[in-house]
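A short write-up of the structure that comes next.
The values are calculated or read from the model by the stated rules, or taken from the named source; none is laboratory data. Here the structure is a predicted model, which means the values were calculated and not measured. Note that each Cβ is placed from the backbone with ideal geometry, even for glycine, and that neighbours are counted across all protein chains shown. Protein only, heavy atoms only, side chains kept; ligands, DNA and RNA dropped before computing areas. Shrake-Rupley method; radii C 1.70, N 1.55, O 1.52, S 1.80 Å.
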Amino acid sequence: MTNALKKGIKSTAGMLAVCFCCAMNVLIVPVPLHAQDKIYKTDNSVVIAKVLKVGSSEIEYKKFSNLNGPTYMVSKNDVTMIFYENGEKETYSRPAEKQDAYVSMPPKPHFTGIASLDNARNLIINENFNDAISVYAQLVARDSTNFTYQEEYAYALALGGIYEAALSHLDLSRNSGNKTPDFYYFTAQVFALMGSTDLAGELWKEDAKNKPPGWISLKAADFIKAYSRTRINSNPEASREFNIRFKYANRLASQNSNLLSIALFRDIINQHPNDYIPYVGYSIPLEKLGLLELSAQSIEKAIVLIRDTAKTTEIKQILDNRLLTIHNKIALYHTANLFGLKEKKGDTMNPQMLMYVGAMLGSGYTSLNGRIGYFLSETTNGSIDAGLSSSSGSTNVNLGLSIYGRDRMFIYGCGLLCNIGTSTYLSAKITVGLSFMNKKHTGSIDIFFDGNESLSKSMPSTITLSIGRSVYFGKRK
């Protein structure tokens, strides 16, 4: 599968397909999120622009995709907000019937009481979302590392209709290491308020061990019914801005703003449901968040939408390979669950695992080795080992458990194997080797020397060589 993908990338058409479709997780040089001005309009579209002048009744701008092109004007009555490249923003009032837009701004908060977590929660319970936002903003300003403040602030923003800011705060919180159950609960609530109930259901599943925070548990469902937004309808402006919005969503994903990227890709898909490209882009942040089933479904939808032509044959092959990789991750995740090898609560969607396949071929001896490992710490993993060897007409199968450690490029380990062949016996295994990891830390080329000391006096001890490849699933530790 990996070799097939490399062959595809080597060809010119394959490279163009990968770059254009973003089917692979390519390395993109980080750039600031605010690389241009954004004009949010009352029809739910977003214009990526360079604002030239804000007048008393109109806004003059140039399209960011054509800064040397014509100057456009839009009425302030058709604009809800301007986000400038330096992070500043201007908001404008809008008709009440259009308050369900992707990003809408409530009236300016006026809370003047004590900024405490209890007060902020009481304001939400009493549906005073504007003042709750004000209190949470003060709390986050005091301690931006407090995960509770960040995730509840995002929830308050979403209840106030400020979805982009809510998702931005959640992305920042997750990238800071927040993978607590409450984080996934409030992230699910934000997506539910945005109308994405399928994503909400994947992010949060209540069970005996997974309970919503007590202070909001009785009100959350009512809030979703009362304050969830209306789906965005297609409009010509959004269609003309397709390429810019698609590139921006990809950029967000490359910068690990995955939640915000997902929301933008969903809006693009709503605008262009019969175009396969957004589904490919959508699958990338889903996979990075560990929503593997949804990522696979998105790739499958893209494959169905691609028309069969000579030019699209290679694109389909690349997507088929990508889909197979995702299905392998899903199978590996279920294997981890089967053996009880999964991460602590809040990170179950991103198993820290690896898979190795190696072999040694010779005129009188042949061996094939494999293992599935789970990272117990930053440098240590436990593995289930399996092997098949053939020598002088005799074939042996071995199964066992091993512990491996890593020190830069050096690998070492030990374990216990059960050898099954003409005779069945146990052996102690000692491993040393070299591992050459790729730049993305998603895989490595490994060379292992295995010494097997038989625990039976009648059976010989052996030393074998194995050369193969490891693939890492989940964030490499």
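Label positions at Glu206 and Val304, each projected 7 Å from the Cα along the C-beta direction, are separated by 3.1 nm. Couplings for the range 61-75, taken from phi via the Karplus curve 6.51 cos²θ - 1.76 cosθ + 1.60 with θ = phi - 60°, read 7, 10, 5, 4, 7, 8, 5, 8, x, x, 8, 10, 10, 9, 5 Hz in order; Gly and Pro are left as x.
Sparse packing (at most 14 other Cβ atoms within 10 Å of the Cβ) combined with a DSSP loop state is found for the following trypsin sites (Lys or Arg not before Pro) in the range 264-319: Arg307, Lys311. Accessible surface comparison of His169, His441, probe 1.4 Å, protein chains only, largest first: the order is His441, His169.
Oblate is the label for the range 147-212. Its Cα gyration tensor axes, ordered a ≥ b ≥ c, give a/c of at least 1.5 and b/c at or above a/b.
Under the rule a/c < 1.5 gives rounded, and otherwise a/b versus b/c splits prolate from oblate, where does the range 182-334 land using the Cα gyration tensor? Oblate is the answer for the range 182-334, as a/c is 1.5 or above yet b/c matches or exceeds a/b.
Between Val74 and Ile467, the simple label model (points 7 Å from Cα in the Cβ direction) yields a spacing of 5.9 nm.
For the range 127-229, applying the loop criterion from DSSP together with a ceiling of 16 other beta carbons within 10 Å to the chymotrypsin sites (Phe, Trp or Tyr not before Pro) yields Trp215. Distance between the C-alpha centres of the range 256-275 and the range 401-477: 43 Å, rounded to the whole angstrom. Surface listing: Leu292, Leu117 arranged by accessible area from highest to lowest gives Leu117, Leu292, probe 1.4 Å. When the residues Leu399, Leu259 are ordered by accessible surface, computed with a 1.4 Å probe over the protein chains alone, the sequence from largest down reads Leu399, Leu259.
Mean sequence separation of contacting Cα pairs (under 8 Å, at least six apart), scaled by the length of the range 363-429, corresponds to a relative contact order of 24 percent.
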